[in-house]
1. Read through the list (1) within 24 Å of LEU165 (Cα to Cα); (2) open to solvent by less than 40 Å² (accessible area, probe 1.4 Å), then give the number of the only condition that GLU222 fails.
2. Restricted to the stretch 140-169, and to residues that are closer than 22 Å to GLU235 by Cα and surrounded by fewer than 24 Cβ atoms within 10 Å (Cβ to Cβ), which residue is modelled with the lowest pLDDT?
3. Just to be sure I understand the filter: pairs with C-beta atoms under 9 Å, separated by 6 or more residues or on different chains, first member in the stretch 234-245 and without any contact (Cβ under 8 Å) to a residue 24 or more places away in the chain, second member surrounded by fewer than 24 Cβ atoms within 10 Å (Cβ to Cβ). Which pairs pass?
4. Hey, could you check the stretch 106-120 for residues that are in a loop (DSSP other than H, G, I, E, B) and touching a strand residue (DSSP E or B) at 6+ places or on another chain (Cβ under 8 Å) and say which is surrounded by the most Cβ atoms within 10 Å (Cβ to Cβ)?
5. Restricting attention to the stretch 259-290, report how many residues are over 28 Å from PRO149 (Cβ atoms), of a type outside the set (D, E, K, R) and out of contact with any Leu (no Cβ under 7 Å at 6 or more places or on another chain).
6. Just give me the residues in the stretch 7-28 being surrounded by 16 or more Cβ atoms within 10 Å (Cβ to Cβ) and free of Cβ contacts under 8 Å to residues at least 24 places away in the same chain, in sequence order.
7. Scan the stretch 259-274 and report the pairs whose first residue is without any contact (Cβ under 8 Å) to a residue 40 or more places away in the chain and closer than 28 Å to LEU286 by Cβ and whose second residue is among the polar types (S, T, N, Q) and open to solvent by 10 Å² or more (accessible area, probe 1.4 Å), with Cβ atoms within less than 8 Å and a gap of 6+ or a chain change.
8. Specify the residue that is surrounded by the most Cβ atoms within 10 Å (Cβ to Cβ); the eligible residues are those in the stretch 176-191 that are in contact with a strand residue (DSSP E or B) (Cβ under 9 Å, 6 or more places away or on another chain) and farther than 22 Å from THR214 by Cα.
Amino acid sequence: MSGVVITSGWVVGLLIGLTVAAAVATAAFWDRGRFRVVHRAIGLLLVQLLLLVSLAAVINQQANFYVTVGELFGQGSDTYAQTLPAGSPRLSADGGGTEDLDRWLAEHPAVPGRGTVIPATLAGAATGYALPSHIYLPAGYRGDRRDLPVVMFLAGYPGTVYSWLDSVGVGAALDEAIGAGRLPPVIAVMAEQDPVRGRDSECVDSVHGSRADTYLSADLPEVIHRHFRAARSRESWALVGYSTGGFCAVNLALRHPDRFGAAGSLAGYFRPLIDRSTGDLYEGDLELRRANDPRILIGRPRPAPVSLFLTAGLDDRTALRDLRAFAPLVHAPDTARIVADRPGGHNFTTWNAVLPDLFAWLTQRFGTSGDTSA
């Protein structure tokens, strides 16, 4: 039961159908039978309840806040059977991957011109977390011997590892851009960024709390390196996020420039946030809060520069205001590509529309041939 996908069309359609049926039944029996006041009240209450549930289901289907019944009730998901451990894996005979991964790929034949999306649990050595993810491998990965650049995509809050694929449509966009030669083949990682379900981690290591920063910046790259042909150089790793994920991407890149050379923010913000969804992440520790403030980090010396992609729709006033306040803080050797002249609000349609600009910027960061180092 926990694995039932509540964003599927038949679930949403069933709820809408039950709502209509309850409304028709209530109207049909309005003046019939005894205890009319009672059955009228029950009928109206049932219709209103089903209407609210149906509306919530439609909104959830569009945003992918919760994908399965298990996720809705905080039980996790049972759809990530492929676990990629942090320990030394058993390499395949040709050294191109791990035995378990190669077995999974063999059981899921590639579709010509389309990448392969692997649902997997990524187990971290430093944090001990084992969190869900989706790994996108470009078409031709199985026969390509190069080490490929990696893009880590981070969702907003609330959001899931499905959000970039199902709501933003990044999988199809990657297929199209890579197939047309407008983006070099890349490995894309849609990772879980909130170790505690229902709590916005802001991708930071909080005081006496979750260690999201360590998981995303240390555990996850190491697991990807162990199981995939992923390039190791910082220039070959980029972070991209929308909304809260935009803050995460910029903050992590500025905090770990030795691991990430670039970060893209789609309608993100640039200040450490504390609200009801996050809880008190810093517990009064001003230094820790300043250490997670991109407005401060961008001005501090770092061992390597960071390249940024910053965008917000013209109708997304809050994000646009934050972008315009942050952009002037970026100075050489750091660079910023700013796209702030496109229509759209704080939504998936706007972020999908800017993907060609994002991919063009990534191509400049990665080059056209990827990293062929051993």
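The values are calculated or read from the model by the stated rules, or taken from the named source; none is laboratory data. Because the structure is predicted, anything quoted here is derived from the model rather than measured. Glycine gets a Cβ as well: all are built from the backbone with ideal geometry, and neighbour counts include every protein chain shown. Heads up: the accessible areas ignore ligands, DNA and RNA and are worked out on the full protein's heavy atoms, side chains in. Shrake-Rupley method; radii C 1.70, N 1.55, O 1.52, S 1.80 Å.
1. Every condition holds for GLU222 apart from (2).
2. Here the answer is ASP144.
3. From the stretch 234-245, no pairs qualify.
4. In the first step, residues of the stretch 106-120 are kept if they are in a loop (DSSP other than H, G, I, E, B); the result is 108-115.
Filter once more, so that each one left must be touching a strand residue (DSSP E or B) at 6+ places or on another chain (Cβ under 8 Å): 108, 110, 115.
Values: HIS108: 11, ALA110: 15, GLY115: 24.
Top of the filtered list is GLY115.
5. Of all residues in the stretch 259-290, those over 28 Å from PRO149 (Cβ atoms) come to 271-290.
Subsequent filtering for residues that are of a type outside the set (D, E, K, R) retains 272-274, 277-279, 281-282, 284, 286, 288.
Next, only the ones that are out of contact with any Leu (no Cβ under 7 Å at 6 or more places or on another chain) stay: 272-273, 277-279, 281, 284, 286, 288.
Matching residues across the stretch 259-290 total 9.
6. Within the stretch 7-28, just THR26 meets the criteria.
7. Listed pairs, sorted by first residue: none to list.
8. Residues of the stretch 176-191 in contact with a strand residue (DSSP E or B) (Cβ under 9 Å, 6 or more places away or on another chain): 184-191.
Add one more test, that the residue is farther than 22 Å from THR214 by Cα, and what stays is 184-186.
Values: PRO184: 22, PRO185: 20, VAL186: 26.
So, considering only residues that are in contact with a strand residue (DSSP E or B) (Cβ under 9 Å, 6 or more places away or on another chain) and farther than 22 Å from THR214 by Cα, the one surrounded by the most Cβ atoms within 10 Å (Cβ to Cβ) is VAL186.
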